[in-house]
Each structure stands twice: as structure tokens, then as C-alpha cells.
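Here's the structure we're looking at; comments come further down.
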Amino acid sequence: MKRPLGVTLIGSWGFAAGVYLCSIAALMLLLPKTIPALRHLPYVSALKTVSPYPTLVIGVIWAAIAWGLFRLRN
């Protein structure tokens, strides 16, 4: 069955959000001194107040949702 365009767009957005959140959380965990250099990226100022672990979990959840949409799973 062919995947509808809307599902592909939503899955792409979810995957991009998951990768973004996971990469910011990984930077916060591995290289905490680089966060001031990234202050112009969206949501980094809000993510600095939160522990990187929930950010990583939410990023993985978004990526899993996107993977399910790409595979056409409910």
C-alpha cells in the first residue's frame, strides 16, 4: 500500500524533531561546555533548564512515532 503524502510529511517532521532533540540531549550530556555556543538554536534556552534525560527520551519517542508512520503502523 502506498503511503499518503500527509503521513509522509508528518513522519518526516516527527523524525526531524526526534533527531534534533536527541542530538541536543547528547551534546548536553557529552559536551556540556558547548551549550552557550548553541544559544541561537531554537528551544536550546528552554532545554537548558531541563535535564537532558527527559529530552533524550522525548526525542526517542518522536523518532519511534515517525518510524511507525513510515512503516504505516498504528
Inset, instruction - May I ask you to derive the FRET efficiency for Val44 and Leu9 from their Cβ-Cβ distance with R0 = 35 Å, giving the value to the nearest 0.05? - result: 0.90
Inset, instruction - Using 0.36 nm per residue of separation minus the Cα-Cα distance, give me the extension gain between Thr34 and Ala16 in nm, one decimal. - result: 4.3 nm
Legend entry - q = 0.16, 0.21, 0.32 Å⁻¹, the range 21-70: log10 I(q)/I(0) [Debye, one scatterer per Cα]: -0.45, -0.70, -1.22
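Bear in mind these aren't lab numbers, they're just calculated from the coordinates by the rules spelled out. As the structure is a prediction and not an experimental result, all values here were calculated from the model. So basically every Cβ, Gly included, is an ideal-geometry build from the backbone, and we count neighbours across all protein chains shown.
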